[in-house]
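Okay, so here's the structure we're looking at.
What follows draws every value from the coordinates through simple rules; no lab data is involved. These numbers were taken from a predicted model, which means no experiment stands behind them.
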Amino acid sequence: MQRLQKVLLALALSLATVAPLHFEQLRPLSVQSVHAGIGQWKNVDLTGTKDGVNVTFTIPDVPDLQTLLVVFNGLPLHRATSSPGVLEYTISGTTITLGLAPNTNDRVWANYDIA
């Protein structure tokens, strides 16, 4: 219950500061990559153990950070510079560290362009 309260509080705080997104922007594409003229647009599930403890995941490519969108069960996460909070993440190369450890049934993915 305490985890749910943290998530709901973080969600309420983030909704007050985030520009509204349409559902279509959050839904993963049915293809794994789409050529976007410059670079290559990717839509991938984060790779790693989803056990409610692990927070370290990887993606196959180094993304263009200006285009990176990390999504946790449909909620966009904010990029942090260090020690990510509940609805935040950090990235170094292809390694993404989440502020909340996903459970087995949670869906975590990333959309980004390869520079």
The set of residues whose placed amide H lies less than 5 Å from the amide H of V108, leaving out same-chain residues fewer than 5 positions away, is L46, N73
In order over the stretch 98-107: 3J(HN,Hα) from phi, Karplus 6.51/-1.76/1.60, θ = phi - 60°, whole Hz, x for each Gly or Pro, gives 8, x, 9, 7, x, 8, 3, 8, 6, 10
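How much length, in nm to one decimal, is gained on full extension between T56 and S83, taken as 0.36 nm per residue of separation minus their Cα-Cα distance? It would help to have the intermediate numbers written out before the result.
Details: separation 27, 0.36 × 27 = 9.72 nm, distance 1.23 nm.
Residue separation times 0.36 nm, minus the Cα-Cα distance, leaves 8.5 nm.
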The long-range amide H neighbours of H78, using H built 1.01 Å from N in the peptide plane and a cut-off of under 5 Å, are E88, Y89
Phi to ³J(HN,Hα) by Karplus 6.51 cos²θ - 1.76 cosθ + 1.60 over the stretch 70-77, Hz, x for Gly, Pro: 9, 10, 10, 6, x, 9, x, 9
Whose amide H sits under 5 Å from the amide H of D64, counting only residues 5 or more places off or on another chain, with H placed in the peptide plane? D113, I114, A115
